[in-house]
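Just so it is clear, none of the values below were taken in a lab; they were calculated from the coordinates. Please read these numbers as outputs of a predicted model, since none were measured by experiment. Note that each Cβ is placed from the backbone with ideal geometry, even for glycine, and that neighbours are counted across all protein chains shown.
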């Protein structure tokens, strides 16, 4: 899970060359690992800033579910 724009921080998971020999850290365009680039629009921190992101959509759905019936 990518939590931060920078790709680094407390609780951040990431790919490592040692664990995945065929994946180069930080270059998803070459190796296809889609969660290892920083500032790629995937992190939770970035999703919070995008009005139509999946994060904000689900937040609206949850709030709608919590609201009282008409």
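A few remarks follow.
- Gain on full extension, evaluated as 0.36 nm per residue between residue 48 and residue 8 minus their Cα-Cα distance, stands at 12.7 nm.
- Each peptide in 45-53, 58-66, 2-10 receives the mean, over its residues, of other Cβ atoms within 10 Å, and ordering these scores from highest gives 2-10, 45-53, 58-66.
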